[in-house]
Structures are given as structure tokens and as C-alpha cells.
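Data first, discussion second: the structure below is written as C-alpha cells.
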Amino acid sequence: MRHYLFFAACFLLLSGCYTFKDVSIQPPEAKTARVNYIENRAPYINPQLSPQLTDKLRQKINNQTRLTMVQGEDAHYEIKAVITNYSVSTSGISGQQAATNRLTVTVHIDFENRLDEKLNFEADVTRNFDFNANLSLQQAEAQQSEDIIKNMTDEIFNRIFSNW
């Protein structure tokens, strides 16, 4: 019985160290990708979000896929995206006052696979970022900027390249 517990403990410990990476590039002959500048059409505009998100997405595709980034119109994958929502709402109340606010960011993706039109899609990805209601939006943005960019980039990347 002790051996089973030991092996179960080892399994759980080692499984926590495993990184799941499931990048799907279809069809296999796809070699190039183009990420257009991500426009910001949200009612409230964070001026740093578009360039940072565009740059991080390009880097992630370049570093984690076999695709080559190109600027021309002949890319096998064409990725267009627009920030459509960047808004704040109250998400937690304590003693009849706002305790937590929530920043919601939505990006609309338009993915075109020029080698297989059946794989084209449009989709929205949304993430919420909670922050203390005592902070202004600008303070919260300063604190969470890296998390916002990383999480939104991961959401977009996973929507395009993962089959889960």
C-alpha cells in the first residue's frame, strides 16, 4: 500500500511540472503567417494595448510555431483582430461600497487560412481582470498591464492554434 501512495505522490508531483503544448497548424504545408495591426475600436481606448498586443502575438507565433512571419498579402495564415470592448464594472461589494472592479477586454479575431477555407473563422475572446476598487483605472492598468497583454495573447493564440 505504501508503494502505491509513493507512486501516486510522484505522479502528481511530476504531472504538475509538465507543460501542455498543442499547436495545430493545418494543413501541414502552411509555412507563413501575417498578423495585421490589432485595431482598438473599444469605447474606451488604452493607447498602449494595440501595439503591445500586436507585438506579443507576433512574437508568440514566431517563437512557438514553425510559421514564418511575413508582411505580404501571400501569407498562408492571415490574422486580423480588433479590440471591441475595454470596460470597467463593479464585481464585488462590501459594506454597500464597491470592493472590487472588473476590467473586461474583448478581442474579435478574423482568421483566414488561405490553404483551406474550411478552417477560416471569426470569434471573440474575452478575459476579465479584477482589481481593488480603491484604485483608479490608470493605476489598475499600470499594475496589470503585463498580465492583460500576456493573457489576451495566450487566449488569441490558443483560439487559433489549439484543438481543445
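Nothing in this text is a laboratory measurement; each read-out follows from the coordinates by a stated rule. The structure displayed is predicted, hence computed values, not measured ones. Cβ: placed from backbone, ideal geometry, glycine included. Neighbour counts: every protein chain shown.
Amide H to amide H distances under 5 Å link Ile38 with Thr54, where only residues 5 or more positions off or on other chains count and H is placed in the peptide plane. Between Asn113, Asn132, Asn85, the residue with the greatest mean-square fluctuation in the GNM of the chain (Cα pairs under 10 Å linked by springs) is Asn132. Short-range pairs are left out: with C-alpha atoms under 8 Å and at least six residues apart, the relative contact order of the chain is 22 percent. Within the shell defined by Cβ-Cβ distances under 14 Å, the residues around Arg102 carry a net charge of -2, with Lys and Arg each +1 and Asp and Glu each -1. Annotation: amide H-H contacts under 5 Å for Ala133 (H modelled 1.01 Å from N, sequence separation of 5 or more, or interchain): Thr100, Asn101. In the distance distribution for the range 21-60, Cα-Cα pairs more than 15 Å apart total 56 percent. Is any helix in the chain, taking whole DSSP H runs, at least 18 angstrom long along its axis by alpha carbon and on average at least -1.0 on the Kyte-Doolittle scale, and which ones? Those that pass (Cα extent of 18 Å or more, hydropathy at least -1.0) are 2-15, 137-161.
May I ask you to list the aspartates and glutamates whose Cα is less than 13 Å away from that of Lys56, ignoring any residue fewer than eight positions away on the same chain? Cα-Cα hits under 13 Å: Glu146, Asp147, Asp154, Glu155. Around the amide H of Thr32, modelled in the peptide plane, lie the amide H atoms of Thr68, His76, Tyr77, all under 5 Å away and 5 or more residues distant in sequence or on another chain. Rounded to the nearest 20 debye, the dipole magnitude of the range 25-161 is 220 debye, with +1 charges on Lys and Arg beta carbons, -1 on Asp and Glu beta carbons, and the Cα centre as origin. For Cα Rg over 2.2 N^0.38 Å, which listed value, (1) 1.30; (2) 1.17; (3) 1.05, comes from the coordinates shown? From the options (1) 1.30; (2) 1.17; (3) 1.05, the structure gives (1).
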